[in-house]
Amino acid sequence: MGFKFQGVDFLHLDAGLSEDELLVRKTARDFVEDNLVPIIEECFREGRFPRELVPVMGELGFFGANLKGYGCAGMSNVEYGLVMQELERGDSGFRSFVSVQSALVMYPIYTFGSEEQKNTWLPALAKGEKLGCFGLTEPGFGSNPGGMTTTARKSGDEYVLNGEKMWITSGSIADVAIIWAKVQGSTGQDEENRVRGFLVETDRPGFSAHDVHGKWSLRASVTSGLSLQDVRVPTANLLPGTGGLKSPLMCLNQARYGISWGAIGTAMDCYSNALQYAKARKQFHDQPIASHQLVQEKLVWMVSEISKAQLLSLHVGRLKDAGTVGHEHISLAKRNNVWMALETARMARDILGANGITEDYPIMRHSMNLESVKTYEGTHDIHALILGQHITGIGAF
Ligand code: TGC
Ligand code: FAD
């Protein structure tokens, strides 16, 4: 199916990667080539998440890879990014699963959880023995999660959760949901209506999940709506370090960072296919289409933008490893790289002509997937507004 994947390193950036970074990338690339590529078109067609690969990824240390201790691999942020790049080269929906498990479930437990919560959940999530989901978005509140209406009412030594969450990756296969809700009935005045995070085991009475069907994007990923009706959790299930909308937004930074790398993976796959196809396909005078100037211009656009995106994510990753990254840097990288990948996918599809629309090549699948990636984790335009606010000091939401 398609042509053999050839990574893209036009700027010789590999020379600046450490041996460990190259090894991590090779491990992830081999995993994708051997395990995901052979089945992904079928999974996408059937709308099936390849759950059978979860234990293998647990063994390889892909879950919570950039966290330290609790059974996690303790990779650097650049290494983690390289894993995301390779996984999304396979499929954006597959990378989404790993992003959610790592950045949106393990990261908040690691960052905001009690020692007991960390010991209970992190080793099992790292191995893939337990799966998680992250419930922030609601039917009426997507780009503006601060308006959420899900509540957690304090009742003795319990919280009672009520509300609806929508578009939740892995919702119906999760053992635990990180649910963001506004606290009510608390004794502290500052606490009233404050957004806080809760660990909600999905087998609790009143919790239910229903899958979204009919998606033309991220078909190899499970997307669900969650319903919480008088779901009672002990106060020990509150993530004690959470407080305000800033807490879930900190989780989004982790996921958006990974997406900036993942998008490069899809773009490299599309470019690699387009280049090999253009050299093999002949039209007019028995010449390869790669010999035509218009086709060359498209290939040059792709390799230029991929190279710039690689520099961007690598730099943001180095900033993150140095502890100096700002969320505006991550917004810039997510916004740019997903846009670049979508444009690359469309150009690559064009170069493949009619063949480009079939599942014989991964391009159309990447293109459809990237429509979701453009929307989730902050839409392209919301990231423009985040950046606009940062540089002008004026919020235009
Ligand atoms: P605003 O008043 O601006 O901010 C509230 C507090 O948070 C701080 N803050 C951040 N902190 C850390 N990281 C960030 N990225 C932050 N952005 C803002 C801010 O300084 C403030 O702090 P403090 O101390 O003053 O309280 O909040 P707002 O209500 O005006 O909203 C801001 C906005 C629009 C940027 C935000 O709501 C937003 O990012 N909207 C997009 C929603 C989104 O991205 N949802 C994603 C859901 S999860 C998902 O899609 C998973 S997909 C699966 C996968 O990842 O693969
Ligand atoms: P809206 O917020 O309604 O936006 C619609 C359009 O209006 C967009 O173009 C947007 O840019 C524009 N817009 C909105 N506000 C403004 C403004 N102020 N100015 C200018 N334009 C504006 N969420 C989770 O919590 N957990 C998950 O695991 C998760 N997984 C997802 C998986 C998939 C496949 C998808 C598609 C979504 C997922 N989401 C998840 C939800 C995702 O984060 C939201 O879809 C996203 O934040 C956008 O919200 P919305 O779809 O409600 O769009």
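A short reminder: the numbers here are calculations on the coordinates, not readings from a lab. Computed from a predicted model, the values in this text were never measured in an experiment. Here the Cβ is made from the backbone with ideal geometry for all residues, glycine too, and neighbour counts use every protein chain on show.
Using the rule -39500 (n - 2.57) for each DSSP H run of four or more residues, divided by the residues of the chain, the 222 nm mean residue ellipticity is -15500 deg cm²/dmol.
Shown for the range 1-129: lysine pairs separated by 8 or more places, or found on different chains, whose C-alpha atoms are under 22 Å apart, numbering 6. Roughly what percent of Cα-Cα pairs across the range 13-131 reach past 21 Å? Here the long-distance tail beyond 21 Å is 37 percent of all Cα pairs in the range 13-131. For the chain, the relative contact order works out to 19 percent when only alpha carbon pairs closer than 8 Å and six or more residues apart are counted. Note on the range 246-392: Cα convex hull, mean projected area over all directions, 9.6 nm². From the largest down, the range 133-237 spans 47, 29, 17 angstrom on the principal axes of its Cα atoms. Projecting label points 7 angstrom from Cα along Cα→Cβ for residue 285 and residue 304 puts them 2.5 nm apart. Counted over all Cα-Cα pairs of the chain, pairs farther apart than 38 Å make up 19 percent. The phi-based Karplus calculation (6.51 cos²θ - 1.76 cosθ + 1.60; θ = phi - 60°) puts the 3J(HN,Hα) values of the range 204-211 at 6, x, x, 9, 9, 10, 10, 7 Hz, whole numbers, x for Gly and Pro. Relative to the longest principal axis of the Cα atoms of the chain, the long axis of helix 37-46 makes an angle of roughly 60 degrees.
Lysine pair count for the range 246-392 (Cα-Cα distance under 21 Å; residues 8 or more apart in sequence or on different chains): 10. Shown in residue order for the range 164-175 are the 3J(HN,Hα) couplings computed by the Karplus curve 6.51 cos²θ - 1.76 cosθ + 1.60 at θ = phi - 60°: 10, 10, 9, 6, 9, 4, 6, x, 8, 10, 7, 8 Hz (x for Gly and Pro).
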